[in-house]
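K.L.:
Encoded as structure tokens, here's the structure I'll be asking about.
Only the coordinates and a few stated rules stand behind these numbers; no lab work does. These numbers were taken from a predicted model, which means no experiment stands behind them. All Cβ positions, even for glycine, are placed from backbone atoms using ideal geometry, and neighbour counts span all protein chains on display.
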């Protein structure tokens, strides 16, 4: 059913409980089946003929954020997302995936994005950098994209944004694994970027940045430019004195380290530099940097909103244990999820908009 490599990870993980306390979904649902160990055990049972891979099991494989908290903490190097992704491929191929998931895949087929709408355009001409907005910011958090572009303009950066910006493939990959359809999206995206001839690509969403940097080359979809996260790029503008820091706003905030920025890129300082430049005083949540608790992802929110809202509420609980009143983020995915459960008296802050004001 799944590759031997993925099965090797599943067989090892089924014996181990050591990451169960890190799974943000398990923490909110209390269901053992939501742990990485349980998912590995289920796939092991299928491999041994002791269970059938059915719709209930497929549903379980989708109750995961692929946030990599389990991978980050594994002392032996095993990777539950590896077999979970392949199980999702199996679910889609055999028409076992949840209906909500299949609807998102149909939306991608129809419109190129999971939301099933015409992706808003932020097209503009520029020559210094190409800004890749991504479908989450474009469709759901446009103010963050607008804020980033304003910040770049204030710094004197000539930024180009593609018209009809193609999908990076990351949403489809999280829904159905690293299949050929994802590789085709990657190739189309890389071709559109390469056609501009611009040598620096500033990527707003860390999810898009991850697949571009980690997977594209494997599919022959190399991008002939430097890929840099928007947080790292803006922090460098601040360091170089191209953006002046704002006066203190008197608000105490804590930075949320989003899943892929924290555990793929190990990038923690830039968001804090941006927050300080935007005038915020900073404190820290207990779960921070590589150990930051996930608040959910945009694709998971789209097919299991009730669970992701609970997960986001759990991240707000972490903030409540500090004196902060503001959750600070530079991730459209995080902003979208955190906004689903913002407690009274607290605020989720889009740092690009805050810096641009």
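K.L.:
What relative contact order, as a whole-number percentage, does the range 245-356 give when Cα pairs under 8 Å and 6 or more residues apart are counted?
P.N.:
31 percent
K.L.:
Under the 0.36 nm per residue contour assumption, what length would be gained going from the current alpha-carbon distance of residue 15 and residue 154 to full extension?
P.N.:
Working it through step by step, the gained length comes to 44.6 nm.
K.L.:
If the viscosity is 0.890 mPa s and the temperature 25 °C, what Stokes-Einstein diffusion coefficient in µm²/s follows for the range 83-183 when Rh is the Kirkwood radius over Cα pairs?
P.N.:
164 µm²/s
K.L.:
What percentages make up the Cα-Cα pair-distance distribution of the range 4-97 when the bins are 5 Å wide from 0?
P.N.:
3, 15, 28, 28, 18, 8, 1, 0
K.L.:
Over 23 Å, how big is the tail of the calculated P(r) for the range 245-356, in percent of all Cα pairs?
P.N.:
Tail of P(r) above 23 Å: 20 percent of Cα pairs.
K.L.:
In whole Å, how far is the Cα centre of the range 263-291 from that of the range 104-135?
P.N.:
Centre-to-centre distance over Cα atoms comes out at 27 Å.
K.L.:
Test of understanding: what is the full-extension gain from residue 29 to residue 118, defined as 0.36 nm times their sequence separation minus their Cα-Cα distance?
P.N.:
Once the chain is fully extended between residue 29 and residue 118, it gains 28.6 nm.
K.L.:
While we're on this one: What is the packing order of peptides 276-289, 83-96, taking the mean over residues of other C-beta atoms within 10 Å and listing the highest first?
P.N.:
83-96, 276-289
K.L.:
If you fit an axis through the alpha-carbon atoms of helix 305-320 and take the longest principal axis of the Cα set of the chain, what angle between them do you get, 0 to 90°, nearest 10?
P.N.:
It is inclined by approximately 60 degrees.
K.L.:
Between residue 290 and residue 125, how high is the FRET efficiency from 1/(1 + (r/R0)^6) when r is the Cβ-Cβ distance and R₀ = 35 Å? Nearest 0.05.
P.N.:
0.35
K.L.:
Moving to a separate point now. If one takes the longest principal axis of the Cα atoms in the chain, at what angle in degrees, from 0 to 90 and to the nearest 10, does the Cα axis of helix 4-13 lie?
P.N.:
That helix lies at roughly 90 degrees to the long axis.
K.L.:
OK, next. Express in nm, to one decimal, how much length is gained between residue 200 and residue 8 on full extension, taking 0.36 nm for each residue of separation and deducting their alpha carbon distance.
P.N.:
Length gained, residue 200 through residue 8: 65.2 nm.
K.L.:
Just report the Cα centroid separation between the range 16-62 and the range 170-216, whole Å.
P.N.:
One Cα centre to the other: 29 Å.
K.L.:
Which three extents, in angstrom, do the Cα atoms of the range 1-51 have along their principal axes, listed largest first?
P.N.:
The Cα atoms of the range 1-51 stretch 30, 19, 15 Å along their principal axes.
K.L.:
How compact and how long is the range 129-236, expressed as Rg and Dmax of its alpha-carbon atoms in Å?
P.N.:
13.3, 41
K.L.:
So, one more: For the chain, what's the relative contact order in percent, using C-alpha pairs closer than 8 Å and at least 6 residues apart?
P.N.:
That works out to 16 percent.
K.L.:
With the contact rule set at Cα under 8 Å and sequence spacing of 6 or more, what percent relative contact order holds for the range 152-225?
P.N.:
Taking the mean separation of contacting Cα pairs over the length of the range 152-225, I get 33 percent.
K.L.:
Rounded to the nearest 0.05, what FRET efficiency is calculated for residue 214 and residue 323 with R0 set to 45 Å and r the Cβ-Cβ distance?
P.N.:
That pair, residue 214 with residue 323, gives E of 0.75.
K.L.:
Next up: Regarding the range 298-357, what are the three Cα extents along the principal axes, ordered largest first, in Å?
P.N.:
The Cα atoms of the range 298-357 stretch 33, 26, 15 Å along their principal axes.
K.L.:
Based on DSSP, what percent of beta bridges with both residues in the chain are antiparallel, to the nearest 5?
P.N.:
5 percent
K.L.:
Can you give me the Kirkwood hydrodynamic radius for the chain, using every pair of distinct Cα atoms, in Å to one decimal?
P.N.:
Every distinct Cα pair counted, the radius reaches 20.8 Å.
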